[in-house]
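Below is one structure, written out as structure tokens; the observations come after it.
The values are calculated or read from the model by the stated rules, or taken from the named source; none is laboratory data. Here the structure is a predicted model, which means the values were calculated and not measured. Note: ideal-geometry Cβ built from the backbone for every residue, glycine included; neighbour counts use all protein chains shown. Ligands, DNA and RNA are excluded from the accessible area calculation, which covers all protein heavy atoms including side chains. Shrake-Rupley method; radii C 1.70, N 1.55, O 1.52, S 1.80 Å.
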Amino acid sequence: MSPPPQQGMGQPPQGSMVNPAGQWGGEAIGAWEGVKVANKLVVAQEINWLEVAADQANCCEACCERPNLYKVYNEHGVELMQASEKSEFCNRCCCNPRHTLTLTYVDSNTQEAIAMVDRPCKLGGACPALIDCCQHEMTVFHVGNSQDLIGSVKQPPCGGMLRPELHLGTTREPVGNYFANITGPCCCFGGVTEMCCDQVFEISSDKQSVRGNLGSIVKVKGDAAQEFLTDADTFHLNFVDRSFSGEQKMTLLTSLLLLDYMFFEQNSPFECRPCAGEGETCCSITLFEMYCCGLLCPCTIKCKK
């Protein structure tokens, strides 16, 4: 077994043993089987250096936004699959991170697509999640058949009030008919807080149960360079309940990616741009994002230099 790499941007967390794709103990494992038996999944988003360069050069980074690529590992550091985004350039340029997209899960061992994710463009974040067009959602299904549903994820009406909330089900309309409920931090997260502490989203069987009785999704605290320069993040998906089926775990994995697009694909918390005044530069630091009923309001400090 190869030694663990140094932790860095877009890498699995320190302490995990990274092995060749789909290899564990010298034997190849399939992505589906790997997900079924995993007690924990680690999702690392790949860094796109074109986005970083555009941001640092104060170019129109929205139009340099590239499709996301995620690598999924089990708790032993074995790469099980990759999730690659496909989206239109104009959608990314004008609507990121709320744009229409599809994601393809590809087995890292066989290089075969095993599932597809559909995400329509929604106004959530810019407006309260009161009606369907403002409620974020994703649907995951088997490759080649959009009717062969694996699961779906959707914001309920009002989006959980002061705590972000998602419902996960095995039907196309999971709200009110779900096998898991995800609840996020109260009111404030994102921004500079991402380099101060982990952002924890608890997975519960219902609102009456102990919060987090099924597991958790953790957006891992990044170092200063990672958070200031990129929007590439690392997540842990922890399964407390060992009775999840492979389909349910894939739906939970999809909910993790939806959370990334909803809350952690915003601009860097620190930005400097030319001001209206000649020769002046305006800098801003986003301390955190305020959340209420699906609406995101950044708390930002601005200054001129």
- Identify all residues within segment 183-223 that are of a type outside the set (A, V, I, L, M), touching a helix residue (DSSP H, G or I) at 6+ places or on another chain (Cβ under 8 Å) and open to solvent by less than 60 Å² (accessible area, probe 1.4 Å); write none if there are none. T183, G184, F189, G190, E194, Q199, F201, G215, K219, G222
- Note on the structure: Flagged in segment 99-115 as touching a Leu at 6+ places or on another chain (Cβ under 7 Å) and either free of Cβ contacts under 8 Å to residues at least 12 places away in the same chain or of a type outside the set (G, A, S) (or both), in numbering order, are L103
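One line per residue, one yes/no per condition, for (1) closer than 29 Å to V210 by Cα; (2) hydroxyl-bearing (S, T, Y); (3) part of a strand (DSSP E or B):
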{"site": "Q111", "(1), (2), (3)": "no, no, no"}
{"site": "I114", "(1), (2), (3)": "no, no, yes"}
{"site": "D118", "(1), (2), (3)": "no, no, yes"}
{"site": "Q147", "(1), (2), (3)": "no, no, no"}
{"site": "S152", "(1), (2), (3)": "yes, yes, yes"}
{"site": "L168", "(1), (2), (3)": "yes, no, yes"}
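Would you confirm, using the coordinates I've provided, whether D148 is closer than 29 Å to G77 by Cα and either surrounded by fewer than 20 Cβ atoms within 10 Å (Cβ to Cβ) or in contact (Cβ under 8 Å) with a residue 12 or more places away in the chain (or both)?
No.
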- Breaking point among (1) surrounded by fewer than 16 Cβ atoms within 10 Å (Cβ to Cβ); (2) at pLDDT 95 or above, for D107: (1)
- For residues in segment 84-109 being part of a loop (DSSP other than H, G, I, E, B) and among the small types (G, A, S), which is nearest to the chain's Cα centre (by Cα)? S87
- Message: Every residue in segment 120-138 that is buried (at least 16 other Cβ atoms within 10 Å of the Cβ), in contact (Cβ under 8 Å) with a residue 60 or more places away in the chain and either on the phi < 0 side of the Ramachandran plot or part of a loop (DSSP other than H, G, I, E, B) (or both), please.
- Response: G124, P128, A129, C134, Q135, H136, E137, M138
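For the structure I just gave you, tell me whether R163 is without any contact (Cβ under 8 Å) to a residue 40 or more places away in the chain, part of a loop (DSSP other than H, G, I, E, B) and over 16 Å from the mean Cα position of the chain (by Cα). Can you show your working first?
Details: without any contact (Cβ under 8 Å) to a residue 40 or more places away in the chain: no; part of a loop (DSSP other than H, G, I, E, B): yes; over 16 Å from the mean Cα position of the chain (by Cα): yes.
No: the conditions fail for R163.
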